[in-house]
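The values are calculated or read from the model by the stated rules, or taken from the named source; none is laboratory data. Because the structure is a prediction, the values reported are computed rather than measured. Here the Cβ positions follow ideal geometry from the backbone for every residue, glycine too, while neighbour counts run over all protein chains shown. Accessible surface areas use protein heavy atoms only, side chains included; no ligands, DNA or RNA. Shrake-Rupley method; radii C 1.70, N 1.55, O 1.52, S 1.80 Å.
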Amino acid sequence: MVSAIKESRGDKVFLVLVYLFLSAALLVVLYPLLYMISASISTPKFVNSGEMWLWPKGLTLDGYRLVFDNAKIWTGYGNTILYTAIGTLINLAITLPAAYALSRSDFYGRNLFMILILITMFFNGGLVPLYLVVKDLGLINSMWALILPVSVTVWNLIVARTFFQSTIPRELQEAAHIDGCTNLRLFVRIVLPLSAPIIAVMALFYGVMHWNSYFTALIYLNDESKYPLQMVLRQILVLQQMGSETNEALSSDMAAAAASKAEVASLVKYAVIIVSTLPVIAVYPFLQRYFVQGVMIGSVKG
Amino acid sequence: MKASVPAQASPESATTRSHPKRNSPQPGRKRNQWRRRIMHNWELYLFIAPCLLYFFVFHYLPMYGIQIAFKNFLPTKGITGSEWIGFDHFERFFNSYYFWDLLWNTFSISLYELAVGFPLPIILALAFNEVKDGLFKRGVQTVTYAPHFISLVVMAGMIITFLSPSSGILIRMLEGIGIDTPAFLEDPRWFKTVYVVSGVWQSTGWGTIIYLAALAGVDPQLHEAAIVDGASRLRRVLHINLPTIVPTISILLILNVGNMLSVGYEKILLLQNSLNMESSDVIATFVYRTGLVNNQLSFSTAVGLFNSVINAILLVTLNRIAKRTGNSLW
């Protein structure tokens, strides 16, 4: 850029204000995150009294011990990993080929298909009619109810289509056709290997969606043993019900350590927040580039 | 959407472009040409088949099910077998004592969220754009994007914990500077603020990305010319950067307003309790409660349909207004 011309005093003041604004934004977002990490390894007494407000006080790992002793949380964790893995695979298997087909300008009927898909973004049947369809398919209380109704999201489909449109040169496809290459071979052998970034973006977007969703489980699952992690978290964090296991663990080996039920509750809360969010937050800084890329591709067109 | 523009190329050009080796099609053989075009790429129809099947089953079949809003739906009789009753469910809803409360809560939460939550990412993105690339900028970006990945359940848990009257850190802090704290989650007057502020905390950073992408497209020559003319930084932000992202702002605004009545009910549902109900109950949570908790399937569908129709009307109206400025969706 142009830095040859000296900045005026007004510009300097403006820039200082910009930095102050950004620093304020940083603090406001960072503080609750740091606080939760600190609270999860501090003695509940200090946390609840407000003595612990930034750095951990009275270091303890009891919260994590209680979380790891809780069978419900483990089951939820296992379920979520299973649902996320299978769900994301299905998402990719359906979204990528469809997006590729829609990206081809010689694909007859693609405008019609695109309109049919876009309509669903702005008008839908609503909660009960969808519930009835899922019920008629016999999916209630099965993991497929959490996976199949969200097989494709329109946004991700558009992002993937835009990527294919802008990165796969038409000449490549024409050359492949002249050489007698079928569309299937073209897609599997040439297009997919060129599309590693979009596959990563899609897997991440869909993966986070499955990991964080609770509402589908709330409406479609009755059986607690099938609950994903977020539903277990809802019981602990929102409905404030501890698993019976936690209380047992408390009465057996930790009764002396924890003064009251409330203290245990608060200990478990922070630890469980960290444990459940960690996988996503831990991988996120390394994959940030891909996430951002995904949003940017989507914003170029559409 | 604008995305499908290239597809509107005329059939001739599409054919010649994709089959350069073939002779140009002769007139009067349109039908053959059609079949050839479909057969040529028959595999692409297999590629898109699962996707279309998905949209048919989970989006269009439910639309067929909307008819139960006008029926007295009995699961034993099925959707087609149930008896038509016209607009009874709608009348019941419009005449109910909670109708205006639901409508007011839904609109006021949406508007509140829009008024506070919509401009902030724009301001933050403009600020990011003024700062040199480096550790500071990347650090702030990484941190402010992070809350986007926190699940709604954890978010609700954080809100409840931070605002707990007995031990919440936010309560402690406000007390520390001498502010009398209301019971944020029990007092209906505070529910909307809690909802909106927590939403701002979670999504402002992530919301900047789309604007930053648009800002990357600003022509540097405009800035150079403005500097030569003696324009200050602030003026350049207001008169060069901001106008560049106006199309993006306009499109996002349309989309947001079009989704006005589908406020984040998944989050509201988590924060709702019997004490804040009078200001936290929105149409979508009502639809969930009456339909899937209290099992009034037809009535709930009617309320949901009312919601969807208003949404669609808002979207179309806003798009029509935006069309005049040339920034419409379609």
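Within the option set A:Q293, A:Q235, A:Q288, A:Q240, being outside any helix (DSSP H, G or I) and modelled with pLDDT of 60 or more holds for one residue only, A:Q240.
B:I160: assigned to a helix (DSSP H, G or I) and touching a Phe, Trp or Tyr at 6+ places or on another chain (Cβ under 9 Å), yes or no? Write out each step before concluding.
Working: assigned to a helix (DSSP H, G or I): yes; touching a Phe, Trp or Tyr at 6+ places or on another chain (Cβ under 9 Å): no.
No: the conditions fail for B:I160.
Note on the range A:180-203: residues that are within 10 Å of another protein chain (Cβ to nearest Cβ) and either open to solvent by 30 Å² or more (accessible area, probe 1.4 Å) or under 23 Å from the mean Cα position of the chain (by Cα) (or both) total 3. Considering the conditions (1) open to solvent by less than 40 Å² (accessible area, probe 1.4 Å); (2) not in a helix (DSSP H, G or I), A:L59 is excluded by exactly one of them, (1). Evaluated against (1) in a loop (DSSP other than H, G, I, E, B); (2) touching a residue at least 12 places away in the same chain (Cβ under 8 Å); (3) closer than 30 Å to B:I160 by Cβ, B:G205 falls short on exactly one condition, (1). Remark: A:G126 matches the filter, which requires a residue to be crowded, with 18+ Cβ neighbours inside 10 Å and either assigned by TED's automatic domain parsing to the domain that holds A:P193 or among the basic types (K, R) (or both). For the range B:160-209, the tally of residues that are surrounded by 20 or more Cβ atoms within 10 Å (Cβ to Cβ), away from chain A (no Cβ under 11 Å) and more than 27 Å from the chain's Cα centre (by Cα) stands at 1. Scanning the range A:143-182 for residues that are assigned to a helix (DSSP H, G or I) and either among the hydroxyl-bearing types (S, T, Y) or in contact (Cβ under 8 Å) with a residue 40 or more places away in the chain (or both) yields a total of 21. Screening B:L242 on (1) open to solvent by 30 Å² or more (accessible area, probe 1.4 Å); (2) in contact (Cβ under 8 Å) with a residue 24 or more places away in the chain; (3) under 21 Å from B:L111 (Cβ atoms); (4) more than 18 Å from the chain's Cα centre (by Cα) shows it passes everything except condition (3).
With the condition kept exactly as written, say whether any residue in the range B:255-277 is small (G, A, S), surrounded by 15 or more Cβ atoms within 10 Å (Cβ to Cβ) and farther than 30 Å from B:Y98 by Cβ. Steps first, please.
Filtering the range B:255-277 down to residues small (G, A, S) leaves B:258, B:262, B:264, B:274.
Still in the running and surrounded by 15 or more Cβ atoms within 10 Å (Cβ to Cβ): B:258, B:262, B:264.
Those left that are additionally farther than 30 Å from B:Y98 by Cβ: none.
Looking through the range B:255-277, none of the residues is small (G, A, S), surrounded by 15 or more Cβ atoms within 10 Å (Cβ to Cβ) and farther than 30 Å from B:Y98 by Cβ.
Tell me yes or no: at least one residue of the range A:112-128 is outside any loop (DSSP other than H, G, I, E, B), modelled with pLDDT of 90 or more and in contact with a Gly (Cβ under 9 Å, 6 or more places away or on another chain). Yes, some residue in the range A:112-128 is outside any loop (DSSP other than H, G, I, E, B), modelled with pLDDT of 90 or more and in contact with a Gly (Cβ under 9 Å, 6 or more places away or on another chain).
Applying the criterion of being free of Cβ contacts under 8 Å to residues at least 60 places away in the same chain and of a type in the set (V, I, T) to the residues of the range B:67-81, the residue that is most open to solvent (accessible area, probe 1.4 Å) is B:T76. Candidates in the range B:128-142 are the residues that are under 19 Å from B:N241 (Cα atoms) and part of a loop (DSSP other than H, G, I, E, B); of these, the one that is nearest to the other protein chains (Cβ to nearest Cβ) is B:V131.
The set of residues in the range B:70-123 that are of a type in the set (G, A, S) and closer than 21 Å to B:L305 by Cβ comprises B:G78, B:G81, B:S82, B:G86, B:S96, B:S110.
Is it fair to say A:Y77 is out of contact with any strand residue (DSSP E or B) (no Cβ under 6 Å at 6 or more places or on another chain) and within 13 Å of another protein chain (Cβ to nearest Cβ)?
no
Across the range B:95-127, the number of residues qualifying as of a type in the set (D, E, K, R) and either under 17 Å from the mean Cα position of the chain (by Cα) or outside any helix (DSSP H, G or I) (or both) comes to 1.
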